[in-house]
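Working notes for the structure below.
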Protein chains: 2
Amino acid sequence: MNVNFTPGPSQLFYTVADHAKVAFKEGIPSISHRSKKFESIFQKATDGLKELLGVPSDYAIFFTSSATEIWEKSIQNLVETSSVHFVNGAFSNRYFEIATQLGKKAVKIEVPLGQNFASVAIENYASELIAITQNETSTGVSITNAFIQEVRAKNPQAIIAIDAVSSLPYPALDYTLADTVFFSVQKGFGLPAGLGVWMVNPKCIAKAESLQKKGISIGSYHNIPTLLLNAKKNQTTETPNVLGIYLLSCVVEDFLRIGIKKIRQETDYKAAILYQALANHSIIKPFVTDPAAQSKTVIVADAGEHTSRLSEFLATRGLYAGDGYGQLKKSQLRFANFPAHSKEQFELLVDLIGEFK
Amino acid sequence: MNVNFTPGPSQLFYTVADHAKVAFKEGIPSISHRSKKFESIFQKATDGLKELLGVPSDYAIFFTSSATEIWEKSIQNLVETSSVHFVNGAFSNRYFEIATQLGKKAVKIEVPLGQNFASVAIENYASELIAITQNETSTGVSITNAFIQEVRAKNPQAIIAIDAVSSLPYPALDYTLADTVFFSVQKGFGLPAGLGVWMVNPKCIAKAESLQKKGISIGSYHNIPTLLLNAKKNQTTETPNVLGIYLLSCVVEDFLRIGIKKIRQETDYKAAILYQALANHSIIKPFVTDPAAQSKTVIVADAGEHTSRLSEFLATRGLYAGDGYGQLKKSQLRFANFPAHSKEQFELLVDLIGEFK
């Protein structure tokens, strides 16, 4: 048995290979993206996501090729002048950098790696968009609804953008506090990479339309008005990753059958036993020490000089950990805790970490 | 037997389902896009494409999510002020529109649907980019190397962009006449949609770098300098459609084994028998009447009032034609002639058209 604990691309959800087999048998990769059949797949995926995640009905859901694309398109469509970015790792910083590359006045609110923003006094930032990385994949820090609520309370006018790339479907986000939420499918949904999911509320749509009216370029085929025009017909602007959208629709159906409550409970259980194993270990420690900041879906172990030995030890038993990110590559390992990772696999992982000396 | 003659997404090449099975068995969708394994897949795909298509070694090859994305990115990266577009159908017009949406001074040189540009006196357009749709998918008109050569001769300074979305790998393009050539994989390569292939020469790279130096926004994660930086490592900027790139690398290998000469000969044969059947028919006619303009890879039949009856007749025998495009939906059918479509399937199609009265 091989289990991929890398935080993305990660282990495929166990049903995906069979869904793909059916897709090829039924000729899904050959259907027209203007056909009724495609429209029904699109609708099944988006309706299913709204039900699974509790997304308000006035949100629209668009498909892009990656969450990286959504970083770019959200800045282009929702920011005329300035954005504020809560930065506590490589991915929140990348979102900030993309805003800068697109010529916006982007401001960083930065804390050290491994921390959340509890030490920051939230202000009114007088900015058009506030970017919050709900789960920083590089360091395993997650942000609570309470934090988002405080940002919202102090910034009623701003668009709040939530990057939930490596956490959904786990967190019970309050979508009424945010204006746009996005993720990519190769993390928590256990799917092949090549698809980003971008959810926007009417405030985002109005903002993009107002920028367009002012003559500001908001891009072409993937600007919000064009995406919306097509999504209303359950279509996409371009020929999309049809197979990816089909597989997403199938896995969302699987998740609905299992139930989001059970998915969350199992995620909590698996996270609890791994954090406990790390906390009790003599030579490994959890990198994120504040329980309120510890991500349940990306768990980072600080193993210092023992890191490569731990990684190799786990690999001999078929468990593949993700390396630490960037400068922490040699001293940390990252473990994804997604619905694709079973309780039994986590119990084995915890046992092996317990044996490691 | 069902055969999909729609011009894209089209029939899958017959090896694709098996390649996908191997991919899932070997865990390809779970590999990291920063791994050696991914780099070897990237290199196999790009080296293979260069060999198959005869692309000069100084070209770089990038992966995007679609050819639509390449329309956008090529304008952003290669045009500061103005572009010229040869327009003879919906897709060449879309490229023009995207340039307009991105705020460029785009100029159209337009001829009626179903025609090439033989009637146009080529000039020096004093423009930064000249866009030529080598194969207009909406009408089945293709452009010759001789035409591209004339545009090049009169416009030595301009970047010549060739949209070969629905023709490659068939045409033996002269890449030294062009500066950038692109296509998407769900047409001639018989693959699931969700991947565009963008080939650029050093002149394009220099142009994008010069725009960037001037402080002009050329986009973020998919601008040419960033794509190049990653492609040099056989990597992508973002987590890409790894499965799609893997499948492309496999089909390119299959095509190399078959040989491009044989693929071209069979395409010529299939096109010849279908055009002959249309020319000899009492109530159906080829839409494109000038042999020099007739696309070999997208063949359009004008069946007037008999169109829906012909489409239904073919469907009863498992052959699915593409509808005519846009305003020609009710009076035309389009037949893709890609490597995925066998000689036997074309012979059956031709027999059935012969029977149709």
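The values are calculated or read from the model by the stated rules, or taken from the named source; none is laboratory data. Since we're looking at a predicted model, the values are computed, not measured. Glycine gets a Cβ as well: all are built from the backbone with ideal geometry, and neighbour counts include every protein chain shown. Ligands, DNA and RNA are excluded from the accessible area calculation, which covers all protein heavy atoms including side chains. Shrake-Rupley method; radii C 1.70, N 1.55, O 1.52, S 1.80 Å.
Some values worked out for this structure:
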item	result
Residue, farthest from A:ILE61 (Cα to Cα), within region A:227-272, restricted to residues that are among the hydroxyl-bearing types (Ser, Thr, Tyr) and assigned by TED's automatic domain parsing to the domain that holds A:VAL55	A:THR239
Test for A:ILE75: is it over 15 Å from the mean Cα position of the chain (by Cα), closer than 15 Å to A:ILE160 by Cβ, crowded, with 22+ Cβ neighbours inside 10 Å and free of Cβ contacts under 8 Å to residues at least 60 places away in the same chain	yes
Test: residue in region B:277-297 that is at positive phi, over 18 Å from the mean Cα position of the chain (by Cα) and at pLDDT 95 or above	no
Those residues of region B:188-213 which are in a loop (DSSP other than H, G, I, E, B) and either surrounded by 24 or more Cβ atoms within 10 Å (Cβ to Cβ) or not assigned by TED's automatic domain parsing to the domain that holds B:SER32 (or both), in sequence order	B:GLY188, B:PHE189, B:GLY190, B:LEU191, B:PRO192, B:ALA193, B:GLY194, B:LEU195
Given (1) more than 27 Å from A:GLY27 (Cα to Cα); (2) away from chain A (no Cβ under 14 Å); (3) in a helix (DSSP H, G or I); (4) open to solvent by less than 20 Å² (accessible area, probe 1.4 Å), index of the condition B:ASP47 fails	(4)
Restricting region A:41-57 to residues that are charged (D, E, K, R) and in contact with a Ser or Thr (Cβ under 8 Å, 6 or more places away or on another chain), the residue that is farthest from A:THR180 (Cα to Cα)	A:LYS44
Selection count, region B:1-50, where residues are among the acidic types (Asp, Glu) and under 20 Å from the mean Cα position of the chain (by Cα)	1
Subset of region B:58-68 that is within 14 Å of chain A (Cβ to nearest Cβ) and assigned to a loop (DSSP other than H, G, I, E, B) - its residue that is farthest from B:TYR325 (Cα to Cα)	B:SER65
Subset tally (residues that are within 27 Å of B:GLY219 (Cβ to Cβ) and not charged (D, E, K, R)) for region A:47-74	13
Residue within region A:306-327 that is more than 24 Å from A:LEU191 (Cβ to Cβ) and aromatic (Phe, Trp, Tyr) present	yes
Lone qualifier among A:SER342, A:SER308, A:SER249, A:SER331 - being hydroxyl-bearing (Ser, Thr, Tyr) and touching a Ser or Thr at 6+ places or on another chain (Cβ under 6 Å)	A:SER331
Qualifying positions in region A:214-257 - open to solvent by 10 Å² or more (accessible area, probe 1.4 Å), under 26 Å from A:PRO339 (Cα atoms) and hydroxyl-bearing (Ser, Thr, Tyr)	A:TYR246
Of all residues making up region B:29-44, the number that are within 10 Å of chain A (Cβ to nearest Cβ), more than 26 Å from A:SER32 (Cα to Cα) and touching a residue at least 40 places away in the same chain (Cβ under 8 Å)	4
Enumeration of residues in region A:3-16 that are more than 7 Å from every other protein chain (Cβ to nearest Cβ) and open to solvent by 30 Å² or more (accessible area, probe 1.4 Å)	A:TYR14
Pairs, first over 17 Å from B:GLU136 (Cα atoms) in region B:105-122, second charged (D, E, K, R) and open to solvent by 30 Å² or more (accessible area, probe 1.4 Å), C-beta under 9 Å, six or more apart	B:ALA106/B:GLU97; B:ILE122/B:GLU150; B:ILE122/B:LYS154
Long-range neighbours under 6 Å by Cβ, at least six apart or interchain, first residue among the acidic types (Asp, Glu) within region B:142-165, second modelled with pLDDT of 95 or more and part of a loop (DSSP other than H, G, I, E, B)	B:GLU150/B:ILE122
Among the residues listed as B:SER66, B:SER40, B:SER82, B:SER74, the single one being farther than 25 Å from B:ILE143 by Cα, at pLDDT 95 or above and assigned by TED's automatic domain parsing to the domain that holds B:VAL141	B:SER40
Condition met for A:GLY89 (in contact (Cβ under 8 Å) with a residue 24 or more places away in the chain and over 28 Å from A:LYS329 (Cα atoms))	no
Residue match in region A:161-173 (condition: open to solvent by 20 Å² or more (accessible area, probe 1.4 Å) and among the aliphatic types (A, V, I, L, M))	yes
Options A:LYS21, A:LYS36, A:LYS25; residue that is closer than 10 Å to A:ASN234 by Cβ and open to solvent by 40 Å² or more (accessible area, probe 1.4 Å)	A:LYS36
Identity of the residue in region A:207-222, within 9 Å of chain B (Cβ to nearest Cβ) and free of Cβ contacts under 8 Å to residues at least 12 places away in the same chain, that ends up farthest from B:ARG94 (Cα to Cα)	A:GLY215
Qualifying residue in region A:133-145 (condition: closer than 18 Å to A:LEU177 by Cβ and either within 14 Å of another protein chain (Cβ to nearest Cβ) or open to solvent by 30 Å² or more (accessible area, probe 1.4 Å) (or both))	yes
Tally, over region B:300-357, of residues that are of a type in the set (A, V, I, L, M) and closer than 25 Å to B:ILE258 by Cβ	6
Unmet requirement for A:VAL55, which otherwise passes all of (1) part of a loop (DSSP other than H, G, I, E, B); (2) within 13 Å of chain B (Cβ to nearest Cβ); (3) under 17 Å from the mean Cα position of the chain (by Cα)	(2)
Among residues of region B:313-357, those that are assigned to a strand (DSSP E or B) and open to solvent by less than 80 Å² (accessible area, probe 1.4 Å), counted	8
Filtered residues of region A:258-276 (kept if surrounded by fewer than 20 Cβ atoms within 10 Å (Cβ to Cβ), more than 19 Å from the chain's Cα centre (by Cα) and either hydrophobic (A, V, I, L, M, F, W, C) or modelled with pLDDT under 95 (or both))	A:ILE258, A:ALA272, A:ILE273
A:PHE13 over 30 Å from B:LYS187 (Cα atoms), among the aromatic types (Phe, Trp, Tyr) and either in contact (Cβ under 8 Å) with a residue 12 or more places away in the chain or not in a helix (DSSP H, G or I) (or both)	no
